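Colleague: Supplied in structure tokens, the structure appears directly below.
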Amino acid sequence: MMFRRYMASALTNRPAVRSKLGQALHENRPFLLKPGELTPGITAREYYERRLALASQLPVRSCAVILGNQVQYASGAVFFPFQQDNDLFYLTGWNEPDSIMVLEKPTERLEDVSLTMVVPPKNDFKEKWEGFRTGIDGVKQFFNADEALSIDNSIDLLTRLGKVFKRNEYIYYDEDTKKSRKYNSNILNLVKETNSGTPRKLKSIIADLRKCKSEAEIRVMRRAGQISGRSYNTAMARRFRNERTLQTYLEHKFISGGCDKSAYIPVVGAGPNALCIHYTNNNDVMYDDEMVLVDASGALGGYCSDISRTWPVSGKWPSSAHKDVYEAVLNVQRQSIRSCNTAIADKKSLHDLHEESVRLIRQELKNLNIPKASEIAEKVYPHYIGHNLGLDVHDVPEVSRFNPLVEGQVITIEPGIYIPDTLDFPKEFRNIGVRIEDDIALQKDGCLNLTVEAVKEIKDLENVMENGVTTPFEDDIVTPL
Ligand code: GLY
Ligand code: MN
Ligand code: MN
């Protein structure tokens with residue numbers, strides 16, 4: 001028996017790098033970030049420009065305050081992976097817990113806009129347990145903060161914030177309605193005491209900025225989609241017995257291909273499990289006379305991809321009914337993506353695309369000779385055609401789905417058919433669930449499928465299941481993407 005060992009390349013002699021920094025930067029992780037980037041694919045300059053874009057929406061003598069997230073605990077000392085507040089992340093690239101950003105716009109001149117970051121200071125004892133921190137000097141040096149304060153010195157912090165609120169006329173701050181974030185009530189009280197105003201809403205202004213992705217953002221999302229799509233193909237080329245083995249195989253591929261993590265908890269549902277839209281137990285066995293529905297994808301530099309595919313567990317269609325339902329969903333998905341090509345010119349909204357997809361599903365159900373197709377379309381297709389995608393999987397929900405779509409928006413197109421196990425439906429179709437999902441970047445003249453690698457056409461799918469993948473899948477890589 002021959003074994004082949006795969007290794008990216010020989011690496012010895014670890015270079016002396018700035019290893020005592022917190023989050024990954026070019027200085028401590030040169031294989032993840034290029035010079036000038038603060039997060040994969042996004043430069044410090046782009047973060048600066050985002051802050052100016054926000055400032056240009058605010059009146060003179062205003063300031064905006066955003067509380068970062070804190071580490072959340074599952075139970076006792078067991079913590080969840082840290083998730084930054086995505087508005088703060090969007091404007092700074094800062095990805096360490098217990099931080100606050102304050103943006104001030106004192107005059108008309110955008111050059112006068114200043115950023116103050118409040119962050120955890122370097123602390124030898126804490127860093128020994130929790131990992132290195134970028135610290136107060138680091139946030140100035142690398143993240144271009146004009147001023148930086150310690151989150152631990154609450155007296156100094158509140159005194160300084162009080163001064164900021166006093167010298168500004170308008171304070172933009174979104175109250176933490178869950179009241180779980182440290183300093184939320186201090187800030188609200190301080191605004192009352194020093195500014196005698198009510199904070200103005202900030203979230204919807206940032207949502208409008210986040211809605212339209214820059215070229216760099218599209219490149220990062222395309223890369224996450226490409227890696228994830230290729231991961232699907234390698235999974236389709238293998239046979240799995242357990243939903244959880246398939247889940248972890250895919251997640252391994254996302255990360256070894258260059259993503260940072262899964263963008264969300266995967267759905268891996270074989271047979272009737274596919275009928276539950278958010279099935280995440282992923283602990284069943286998979287039978288050869290079923291299909292498996294997978295909704296899983298990687299995230300890179302904070303940006304999510306979001307892919308669903310459905311394919312036969314054994315590599316062969318269990319019945320013509322399975323293949324017919326698959327083809328019905330594929331027809332709707334293909335047609336919906338085609339509509340994206342002209343969505344901007346036709347002034348269509350996400351809701352228009354959704355309504356179109358319901359009509360298409362209805363027609364496909366009729367073609368399948370499913371009784372009462374018109375009435376049951378919404379029953380077998382109970383969710384929406386898609387959502388905006390970006391730093392959040394369901395990105396910027398503040399943006400109305402009824403507004404015309406615009407250039408730079410990235411949306412998912414994810415129709416599905418899930419046929420319940422009831423007498424209303426012909427026996428051969430019962431318990432079949434299919435969803436097919438791609439990520440589509442809208443452009444003025446057309447659109448770009450960011451997840452095009454994941455095969456879905458019947459011929460391509462059959463070919464991959466039968467013959468495996470032909471594109472080499474580079475993994476365990478040690479160079480920036
Ligand atoms: N993966 C979540 C969704 O498709 O919306
Ligand atoms: Mn999905
Ligand atoms: Mn989705």
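The values are calculated or read from the model by the stated rules, or taken from the named source; none is laboratory data. Model, not experiment: these values are computed from the prediction. Positions of Cβ are backbone-derived with ideal geometry, glycine not excepted, and every protein chain shown enters the neighbour counts. Areas reflect the complete protein model, heavy atoms only, side chains present, ligands, DNA and RNA absent. Shrake-Rupley method; radii C 1.70, N 1.55, O 1.52, S 1.80 Å.
Colleague: I'm trying to understand the selection: among the residues of region 255-268, which are away from ligand 3 (no atom under 16 Å from the Cβ) and outside any loop (DSSP other than H, G, I, E, B)?
Modeller: Of everything in region 255-268, those that are away from ligand 3 (no atom under 16 Å from the Cβ) and outside any loop (DSSP other than H, G, I, E, B) turn out to be ILE255, SER256, LYS261.
Colleague: While we're on this one: Just a yes or no: is a residue in region 307-316 more than 16 Å from ligand 2 (Cβ to nearest atom), more than 20 Å from GLU453 (Cα to Cα), out of contact with any Phe, Trp or Tyr (no Cβ under 8 Å at 6 or more places or on another chain) and not small (Gly, Ala, Ser)?
Modeller: Within region 307-316 (the criterion being more than 16 Å from ligand 2 (Cβ to nearest atom), more than 20 Å from GLU453 (Cα to Cα), out of contact with any Phe, Trp or Tyr (no Cβ under 8 Å at 6 or more places or on another chain) and not small (Gly, Ala, Ser)), the answer is yes, since at least one residue qualifies.
Colleague: Right, another one. Across region 244-262, what is the number of residues that are of a type in the set (Gly, Ala, Ser) and either within 16 Å of ligand 2 (Cβ to nearest atom) or surrounded by fewer than 16 Cβ atoms within 10 Å (Cβ to Cβ) (or both)? Please lay out each step first, then the result.
Modeller: Residues of region 244-262 of a type in the set (Gly, Ala, Ser): 256-258, 262.
With either within 16 Å of ligand 2 (Cβ to nearest atom) or surrounded by fewer than 16 Cβ atoms within 10 Å (Cβ to Cβ) (or both) added as a condition, the list becomes 262.
Of the residues in that region, 1 qualify.
Colleague: Kindly establish whether LYS427 is more than 16 Å from ligand 2 (Cβ to nearest atom) and closer than 30 Å to ASN242 by Cα. Show your work before the answer.
Modeller: Numbers: more than 16 Å from ligand 2 (Cβ to nearest atom): yes; closer than 30 Å to ASN242 by Cα: yes.
Spelling it out, LYS427 is indeed more than 16 Å from ligand 2 (Cβ to nearest atom) and closer than 30 Å to ASN242 by Cα.
Colleague: Out of all the residues in region 123-145, is one or more closer than 21 Å to ARG61 by Cβ and touching a residue at least 12 places away in the same chain (Cβ under 8 Å)?
Modeller: Yes, some residue in region 123-145 is closer than 21 Å to ARG61 by Cβ and touching a residue at least 12 places away in the same chain (Cβ under 8 Å).
Colleague: Within region 91-119, which residues are within 23 Å of PHE165 (Cβ to Cβ), touching a helix residue (DSSP H, G or I) at 6+ places or on another chain (Cβ under 8 Å) and open to solvent by 10 Å² or more (accessible area, probe 1.4 Å)?
Modeller: Answer for region 91-119, where residues must be within 23 Å of PHE165 (Cβ to Cβ), touching a helix residue (DSSP H, G or I) at 6+ places or on another chain (Cβ under 8 Å) and open to solvent by 10 Å² or more (accessible area, probe 1.4 Å): GLU104, LYS105, PRO106, LEU110, VAL113, THR116.
Colleague: Further, regarding this structure: With the requirement that a residue be closer than 25 Å to GLN72 by Cβ, β-branched (Val, Ile, Thr) and not in a helix (DSSP H, G or I), what does region 168-216 give you?
Modeller: THR177, the sole residue that qualifies.
Colleague: For the list (1) crowded, with 17+ Cβ neighbours inside 10 Å; (2) touching a strand residue (DSSP E or B) at 6+ places or on another chain (Cβ under 7 Å), I need the number of the one condition that PRO59 fails.
Modeller: Going through (1) crowded, with 17+ Cβ neighbours inside 10 Å; (2) touching a strand residue (DSSP E or B) at 6+ places or on another chain (Cβ under 7 Å) one by one, PRO59 breaks only (1).
Colleague: Filter the strands (runs of 3 or more DSSP E) completely within region 422-481 down to those with at least 1 residues that are modelled with pLDDT under 95, loosely packed, with under 12 Cβ neighbours inside 10 Å and in contact with a Lys or Arg (Cβ under 9 Å, 6 or more places away or on another chain). It would help to see each step written out before you state the result.
Modeller: Working: elements: 433-435, 438-443, 446-449.
In region 422-481, there are no strands (runs of 3 or more DSSP E) which contain 1 or more residues that are modelled with pLDDT under 95, loosely packed, with under 12 Cβ neighbours inside 10 Å and in contact with a Lys or Arg (Cβ under 9 Å, 6 or more places away or on another chain).
Colleague: Out of the residues in region 269-291 that are of a type in the set (A, V, I, L, M, F, W, C) and either in a helix (DSSP H, G or I) or within 18 Å of VAL329 (Cβ to Cβ) (or both), state the one that is nearest to ligand 1 (Cβ to nearest atom).
Modeller: ILE277
Colleague: Look at ALA77 and say whether it is over 19 Å from VAL164 (Cα atoms), surrounded by fewer than 20 Cβ atoms within 10 Å (Cβ to Cβ) and in contact (Cβ under 8 Å) with a residue 24 or more places away in the chain. First the steps, then the outcome.
Modeller: Values: over 19 Å from VAL164 (Cα atoms): yes; surrounded by fewer than 20 Cβ atoms within 10 Å (Cβ to Cβ): yes; in contact (Cβ under 8 Å) with a residue 24 or more places away in the chain: no.
Answer is no for this residue.
Colleague: Sticking with this structure for a sec: Just to be sure I understand, how many residues within region 263-319 are surrounded by fewer than 19 Cβ atoms within 10 Å (Cβ to Cβ) and small (Gly, Ala, Ser)?
Modeller: Residues meeting the conditions: 3.
Colleague: Has region 159-167 got at least one residue that is in a loop (DSSP other than H, G, I, E, B), aliphatic (A, V, I, L, M), crowded, with 16+ Cβ neighbours inside 10 Å and touching a strand residue (DSSP E or B) at 6+ places or on another chain (Cβ under 6 Å)? Can you show your working first?
Modeller: Filtering region 159-167 down to residues in a loop (DSSP other than H, G, I, E, B) leaves none.
Looking through region 159-167, none of the residues is in a loop (DSSP other than H, G, I, E, B), aliphatic (A, V, I, L, M), crowded, with 16+ Cβ neighbours inside 10 Å and touching a strand residue (DSSP E or B) at 6+ places or on another chain (Cβ under 6 Å).
Colleague: Could you tell me which numbered condition GLU108 fails, if it satisfies all but one of (1) out of contact with any Lys or Arg (no Cβ under 6 Å at 6 or more places or on another chain); (2) acidic (Asp, Glu); (3) at pLDDT below 95?
Modeller: (3)
Colleague: Among the residues of region 373-399, write down those that are under 19 Å from ILE436 (Cβ atoms), away from ligand 2 (no atom under 16 Å from the Cβ) and either among the small types (Gly, Ala, Ser) or in contact (Cβ under 8 Å) with a residue 60 or more places away in the chain (or both).
Modeller: ALA377
Colleague: OK, next. When you scan region 396-408, do you find a residue that is at pLDDT 95 or above, buried (at least 17 other Cβ atoms within 10 Å of the Cβ) and acidic (Asp, Glu), even just one?
Modeller: Among the residues of region 396-408, not one is at pLDDT 95 or above, buried (at least 17 other Cβ atoms within 10 Å of the Cβ) and acidic (Asp, Glu), which makes the answer no.
Colleague: Next question, about the same structure. Counting just the residues of region 129-158 that are in contact with a Pro (Cβ under 8 Å, 6 or more places away or on another chain) and farther than 22 Å from GLU37 by Cα, which one comes out most open to solvent (accessible area, probe 1.4 Å)? Reasoning before the result, please.
Modeller: The first filter runs over region 129-158 and keeps only residues in contact with a Pro (Cβ under 8 Å, 6 or more places away or on another chain), leaving 133, 135-136, 150-152.
Those still in the list that are farther than 22 Å from GLU37 by Cα too: 150-152.
On the way: SER150: 25, ILE151: 10, ASP152: 91 Å².
In this case the residue turns out to be ASP152.
Colleague: From the residues in region 15-51 that are open to solvent by less than 30 Å² (accessible area, probe 1.4 Å) and more than 22 Å from the chain's Cα centre (by Cα), which one is nearest to GLU169 (Cα to Cα)?
Modeller: Checking each candidate, the answer is GLY22.
Colleague: Which residues, counting only those in region 381-402, are within 22 Å of ILE277 (Cβ to Cβ) and either β-branched (Val, Ile, Thr) or not in a loop (DSSP other than H, G, I, E, B) (or both)? Explain how you work it out, then say what you get.
Modeller: From region 381-402, those within 22 Å of ILE277 (Cβ to Cβ) are 381-390, 392-397, 401; that's our starting set.
Across region 381-402, the qualifying residues are ILE385, ASN388, VAL393, VAL396.
Colleague: Filter region 382-414 down to residues that are among the hydroxyl-bearing types (Ser, Thr, Tyr) and within 14 Å of ligand 1 (Cβ to nearest atom), then give me how many there are. Break it down into steps so the answer makes sense when it comes.
Modeller: Residues of region 382-414 that are among the hydroxyl-bearing types (Ser, Thr, Tyr), as a first pass: 384, 400, 412.
With within 14 Å of ligand 1 (Cβ to nearest atom) added as a condition, the list becomes 384, 412.
Count: 2.
Colleague: Kindly check whether there is at least one residue in region 400-417 that is free of Cβ contacts under 8 Å to residues at least 40 places away in the same chain and either out of contact with any helix residue (DSSP H, G or I) (no Cβ under 9 Å at 6 or more places or on another chain) or within 16 Å of ligand 3 (Cβ to nearest atom) (or both).
Modeller: No: zero hits.
Colleague: Turning to a different aspect of this structure: Restricting to region 321-345, and then to whatever is without any contact (Cβ under 8 Å) to a residue 24 or more places away in the chain and farther than 15 Å from GLN409 by Cα, can you tell me which residue is least open to solvent (accessible area, probe 1.4 Å)?
Modeller: Restricting to residues being without any contact (Cβ under 8 Å) to a residue 24 or more places away in the chain and farther than 15 Å from GLN409 by Cα, the top hit is ARG334.
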